1. State the extension gain, in nm to one decimal, for the chain segment bounded by Ser99 and Arg147, taking 0.36 nm per residue of separation less the distance between their alpha-carbons.
2. Starting at the first residue of the stretch 15-23, write each ³J(HN,Hα) from the Karplus equation 6.51 cos²θ - 1.76 cosθ + 1.60 with θ = phi - 60°, in whole Hz, x for Gly and Pro.
3. Kindly list the residues of the stretch 109-124 that lie in the label zone of Leu13, defined by a backbone N under 18 Å from the point 7 Å along the Cα-to-C-beta vector.
4. How large is ³J(HN,Hα) for each residue in the stretch 80-86, as worked out from phi by the Karplus curve 6.51 cos²θ - 1.76 cosθ + 1.60 (θ = phi - 60°), to whole Hz, x for Gly and Pro?
5. Output the direction-averaged projected area (hull surface divided by four) of the convex hull of the alpha-carbon atoms of the chain, in nm².
6. Ser6 versus Ala124, label points 7 Å from Cα toward the beta carbon: distance in nm?
7. Add +1 for every Lys or Arg and -1 for every Asp or Glu among the other residues with Cβ under 13 Å from the Cβ of Leu20, and state the total.
8. Counting only other residues whose beta carbon sits under 13 Å from that of Ile146, what net charge do I get with K and R as +1, D and E as -1?
Amino acid sequence: MVNLESLYQELILDHYKNPLNKGLASNPSASVHHVNPSCGDEVDLNLIVDGELIVSVTWDGVGCSISQASTSVLTDLVQGKSAQEALKIIDAFSEVMSSKGSIGGDPEILGDAVAFSGVSKYPARIKCALLGWMALKDAMLQAKVIR
Ligand code: ZN
C-alpha cells in the first residue's frame, strides 16, 4: 500500500536535496531577506517582474528541510504567473497552514505544495513552511505588483 505521508516526505526531501531556482539572479525588481528565528531558517529571495508578470523568483537559503523545500516548490509554482495569481496561491497555502491539518489543499492550485499540508499539524514548523511564501509576498509588495 502506498502511504501518502511517506510520498509527501519523499517529495520534500527531493526538493531539499535538489532545490529548484536556487542561486540569486542579478538585477531583481525586489530583493528580500527573511528569517525564522524559532528554527534558524533564512531565505534570500530575488523577484523579477515584467509589468504584472512574475518572470523569475530565485533564492538562496539555509535551514531545515521544510523551509528550504517549500521555498523550492514555491518558486517553481509561481514562475510565469501573474502577481494576482501568485497571491491567490500564497493565500491558499496560508489557509492550509492555519488549518491544523483539516485542509489538504487543492493540487490544482498548490501543485507539489500539497506535500506540506501535514506540517499544519505541527505549530512549531508552520513558520518554516511559510518562510519563502511570506518572503515572496513581501517582495511582490516591494515591487508594487500587489497592494
Ligand atoms: Zn525550519
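Read-outs throughout are calculated quantities, based only on the coordinates presented, and are distinct from any laboratory measurement. Just so you know, these numbers come straight off a predicted model, no measurement behind them. Note that we place each Cβ from the backbone using ideal geometry, even for glycine, and neighbour counts take in every protein chain shown.
1. Values: separation 48, 0.36 × 48 = 17.28 nm, distance 2.50 nm.
Additional length available on full extension: 14.8 nm.
2. Couplings: 5, 5, 7, 10, x, 8, 6, 7, x Hz.
3. Residues 115-119 fall inside that zone.
4. Values, residue by residue: x, 8, 7, 4, 5, 4, 4 Hz.
5. Values: hull surface 32.8 nm².
Reported value for the Cα convex hull: 8.2 nm².
6. Inter-label distance under the simple model: 2.5 nm.
7. Residues near Leu20 contribute -2 overall.
8. Surrounding charge for Ile146 is +1.
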